[in-house]
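S.K.: Structure in structure tokens, see below.
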Amino acid sequence: MKVVLADPISWTVSGRQTGHYRAVAENYAAMFKGRDFAIAGGPVYKNWCDKLMELPFNQSSDAGHLKNKIAALRNCRVLFREAGESAVVLQSVGFATELLGILLFADKKTKVFLIQYQPLGSRSLFCRILCSLARRKISGVVCPNDEVGRSFGVDYCVVPDYIYTGDGKLVSKAGNDPRYDFVSAGMQHPNKGTLAFAEKVASSPHTMLIAGHVANAELKQKFTVLAANHPNIHLDLRYLNEEEYASTVASGRYAVMNYTDSYATRSSGVVFDFVYRRVPVVGRACKALQLISDSRMGYLYRSLAEIDLEKLMDDEVYDEYKRNIEAYLRNANSQVKALLQFVAEENR
């Protein structure tokens, strides 16, 4: 059966693709290598994807809300018309829009799978109603834990956000000669907790890089003031392209994930961006970082006061975390097999 990894939203900012959607698409392409597989997305995907089922529109930060929604639904219509008897795996973006697209355009001959990172119960009432109506057309959910899977009331497969394959930029061995002791990369939001961790590092001899677009002006100002007064805090506060992001992730001895509130309770693809580049994680103990705790791939704490930065610089401690990451990656083949069977081989 042909498998199509689809992004009918195809979100762009100033004409550039943002978010983790390209990384997920590349990961699926590596897992389904040698099989009948395609990536479906808007014109922005043509910039890098050779095997593309092209959808007619991108959504844009420059366009209005209604225009973007109409474009996404038109993409869904084309997607399900072209998919036929394929298995379509929808990336987790624009949940309500995708559900409406399934309701309106999905044929029962098409197997539809949703990638979801948070329980259905955390969604709005409108989304829950849409999901109830669309459930008969949904073959399954790909999710990071049983709680998320059970909430949808359909078959589900528990796998990480990204699955190690040994291929491509996602799994570069970079990070063995880091330029900074600590790095926080990606969208900078107050609930990511980067500022509080940086304030702790600022009063130490260690270095930290904060990189990525900042969600609001107040947080950006606080970063700027902190860095101006502490030369060991380095900033690169802008949207990063794929290559810049990969280089930033690989530049840290440790990844910082001082998550609070919504960040602490949902699955985080950023975790895998670092782990697959052999960079241990330092973060607040929470559901989003359960994998780090289970496989001992870094240090988790309940409060910043617990952290001993000097101990983290100990080579024996650091090397143990790295060995645990390698052990986790060696066991990833079973995750690939589970997903392949769930999406491409099971009769539903």
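S.K.: If I filter the range 321-336 down to residues being assigned to a helix (DSSP H, G or I) and surrounded by fewer than 14 Cβ atoms within 10 Å (Cβ to Cβ), which single residue comes out as modelled with the lowest pLDDT?
M.R.: Asn333
S.K.: Could you tell me whether the range 85-95 includes any residue that is modelled with pLDDT of 95 or more, within 29 Å of Tyr263 (Cβ to Cβ) and small (Gly, Ala, Ser)?
M.R.: No: zero hits.
S.K.: Let me ask something else about it. Between Tyr245, Tyr254, Tyr239, which is of a type in the set (Phe, Trp, Tyr), under 21 Å from Val281 (Cα atoms) and out of contact with any Phe, Trp or Tyr (no Cβ under 6 Å at 6 or more places or on another chain)?
M.R.: Tyr245
S.K.: Report, by residue number, each residue of the range 208-238 that is more than 23 Å from the chain's Cα centre (by Cα) and either aliphatic (A, V, I, L, M) or closer than 20 Å to Tyr301 by Cα (or both).
M.R.: Across the range 208-238, the qualifying residues are Ala217, Val225, Leu226, Ala227, Ala228, Ile233.
S.K.: Take the residues in the range 6-20 that are modelled with pLDDT of 90 or more and of a type in the set (Val, Ile, Thr); name whichever of them is surrounded by the fewest Cβ atoms within 10 Å (Cβ to Cβ).
M.R.: Here the answer is Thr12.
S.K.: Name the single residue, out of those in the range 300-323 being among the hydroxyl-bearing types (Ser, Thr, Tyr) and within 15 Å of Val279 (Cβ to Cβ), that is nearest to the chain's Cα centre (by Cα). Break it down stepwise before answering.
M.R.: Step one: filter the range 300-323 for residues among the hydroxyl-bearing types (Ser, Thr, Tyr), giving 301, 303, 318, 321.
Still in the list and also within 15 Å of Val279 (Cβ to Cβ): 318, 321.
Working: Tyr318: 25, Tyr321: 22 Å.
Among them, the one singled out is Tyr321.
S.K.: Could you list, in sequence order, all residues of the range 48-59 that are of a type outside the set (D, E, K, R) and more than 20 Å from the chain's Cα centre (by Cα)?
M.R.: Leu52, Met53, Leu55, Pro56, Phe57
S.K.: Among the residues of the range 248-298, which ones are over 19 Å from Thr165 (Cα atoms), polar (S, T, N, Q) and part of a helix (DSSP H, G or I)?
M.R.: Once the filter is applied, which keeps residues that are over 19 Å from Thr165 (Cα atoms), polar (S, T, N, Q) and part of a helix (DSSP H, G or I), the range 248-298 yields Thr248, Ser262, Thr265, Gln290, Ser293.
S.K.: Scan the range 110-155 residue by residue and report those that are in contact (Cβ under 8 Å) with a residue 40 or more places away in the chain, among the aliphatic types (A, V, I, L, M) and outside any strand (DSSP E or B).
M.R.: Correct list: Val148 only.
S.K.: Would it be correct to say that Ala83 is surrounded by 17 or more Cβ atoms within 10 Å (Cβ to Cβ) and more than 23 Å from the chain's Cα centre (by Cα)? So that I can check it myself, show each step before the final result.
M.R.: Numbers: surrounded by 17 or more Cβ atoms within 10 Å (Cβ to Cβ): yes; more than 23 Å from the chain's Cα centre (by Cα): yes.
Yes; evaluated as a whole, the condition is true for this residue.
S.K.: Suppose we keep only residues that are more than 21 Å from Gln335 (Cα to Cα) and not aliphatic (A, V, I, L, M) within the range 128-150. Which one would you say is surrounded by the most Cβ atoms within 10 Å (Cβ to Cβ)?
M.R.: The initial filter retains those residues of the range 128-150 that are more than 21 Å from Gln335 (Cα to Cα), namely 128-138.
If we keep only those that are not aliphatic (A, V, I, L, M) too, we end up with 128, 131-132, 135-137.
Numbers: Arg128: 15, Cys131: 23, Ser132: 12, Arg135: 14, Arg136: 11, Lys137: 17.
Restricting to residues being more than 21 Å from Gln335 (Cα to Cα) and not aliphatic (A, V, I, L, M), the top hit is Cys131.
S.K.: Filter the range 255-283 for residues that are surrounded by 21 or more Cβ atoms within 10 Å (Cβ to Cβ) and of a type in the set (D, E, K, R) and give the result.
M.R.: Correct list: Asp273, Arg277.
S.K.: Within the range 21-65, take every residue that is basic (Lys, Arg) and in contact with a helix residue (DSSP H, G or I) (Cβ under 8 Å, 6 or more places away or on another chain) and give me the one that is modelled with the lowest pLDDT.
M.R.: The selected residue is Lys51.
A quick yes/no check of all residues on (1) under 28 Å from Glu244 (Cα atoms); (2) hydroxyl-bearing (Ser, Thr, Tyr); (3) not in a loop (DSSP other than H, G, I, E, B):
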site	(1), (2), (3)
Leu5	yes, no, yes
Val24	yes, no, yes
Lys33	yes, no, no
Lys46	yes, no, yes
Asp50	yes, no, no
Ala63	yes, no, no
Leu79	no, no, yes
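The values are calculated or read from the model by the stated rules, or taken from the named source; none is laboratory data. Note that this is a predicted model, so its numbers are computed, not measured. Every residue, glycine as well, gets a Cβ built from its backbone with ideal geometry; the counts of neighbours run over all protein chains shown.
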